[in-house]
Amino acid sequence: MSMTIGLAGKPNAGKSTFFKAATMADVDIANYPFTTINANHGVTYVRTECPCKEKGNECGKCTAGIRLVPIDIIDVAGLVPDAHKGKGLGNTFLDELRQAQAIIHVVDASGGTDEEGNPLDIGAHDPMKDVVFLNREITMWLYGILERNWIKLSRKIQAEGLKLEFVIAEQLAGAGITEFHVNEALIETGLFRVEHLKWTDEDMVRLCEAMERISKPMLISANKADVAPPENLGKLGELERIVVPTSAAAELALRSAAKSGAIRYTPGDRDFEVLAEGLSTKQQKGLEALRKLLVARGGTGVQECINRVVFELLGLIVVYPVEDEGKWTDKNGNMLPDAYLMKRGSTCHDLAYQIHSEIGDRFLYAMDARTRMRLGEKHELKDGDVIKIVSTAR
């Protein structure tokens, strides 16, 4: 499935550093607000164990049994208070964010930047305020779109007997809201019990808040964790969201060193191997500092953020379609050539359609390449499945 993760947050929280570390794309990084004006689009990777290890033969698509499956990621312009009113680059931010299925909110856990991203002393700003303000801005953006024509829309619902969920979803379609999101939010808020003509402004804000949370699941990247006061990390860790302490700058340094050939490092590793000889004292000290951080924290957190968004927030699994169930290859002999991200609960028939609509239309049955068991169209796939699809001839 095609999916996009959005990187959100105020200016100077470390979004562009996170983005560059996650993609190794060439982007501007600077210690002042609005370095990112136009959204940066890139490709990052979710990390998973490759089944080829079971065959005792590397597939050529992984590194030492670690498979990196590509996904899209977008680093949008920094968000400042009242962005929903157009302040700063707010309209650009919110317009770009609608493309994302989930959000990583990069927060400056060090408290070293104010609400608009201007540098302060470490610990001078409460990062909890940044979490509240981002949620509020997205909620008020949705509210603004809905409230704009609400009187007209509510009369239309009553006069034409239209479904409330349909009308609201149609109004908010540009923000990525579906009827499912609206229905879930109506149930969560209890507003399905209240006649829509009697909704107050507060009711509509509550509805938009619920729709924002349901349609754009969010993970908190507590960035600059290596210099953050412990109390800041402690407060962020109490949030009812997934919170991952991260050091995007350390991850970028590691990936840059790996790219230059100085070290061997796969994103998400908890250590690295030095390959280069003749490193200067400064370079050696830098690498040693990075190693201490990895050991102390079990990684930089960047890869963990991506993995947890994909596997926990979005509930995806990785499935490997093959044509030869014995050798796990395609018709050209390439082992495990593709890795598909699919919603947990997807069936063999869903996989057939994911590969190609014609294969879905001509689906006969599937086969589990591990057990050689025949599987029906409604068989639910599991993470790591290696599957052969059998279809009728054209």
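Since every read-out is calculated from the coordinates, none of them should be taken as a lab result. Values in this document were obtained by computation on a predicted structure and should not be read as measured data. Counting neighbours? That spans all protein chains shown, and the Cβs are built from the backbone with ideal geometry, glycine included.
Observations
- Verdict on P267 being within 24 Å of the chain's Cα centre (by Cα), surrounded by fewer than 23 Cβ atoms within 10 Å (Cβ to Cβ) and in contact (Cβ under 8 Å) with a residue 40 or more places away in the chain: no
- Any hit, the range 261-274, residues being under 19 Å from G9 (Cα atoms) and either part of a loop (DSSP other than H, G, I, E, B) or charged (D, E, K, R) (or both): no
- Wholly enclosed strands (runs of 3 or more DSSP E) of the range 337-391 bearing at least 3 residues in contact (Cβ under 8 Å) with a residue 40 or more places away in the chain: 340-343, 386-391
- Taken over the range 218-248, residues that are more than 17 Å from H125 (Cβ to Cβ) and surrounded by 18 or more Cβ atoms within 10 Å (Cβ to Cβ) amount to 9.
- Counting only residues that are under 20 Å from G176 (Cβ atoms) and either of a type in the set (D, E, K, R) or more than 13 Å from the chain's Cα centre (by Cα) (or both), the range 1-14 holds 2 of them.
- Restricting attention to the range 42-65, the residues being in a helix (DSSP H, G or I) and in contact with a Cys (Cβ under 6 Å, 6 or more places away or on another chain) number 1.
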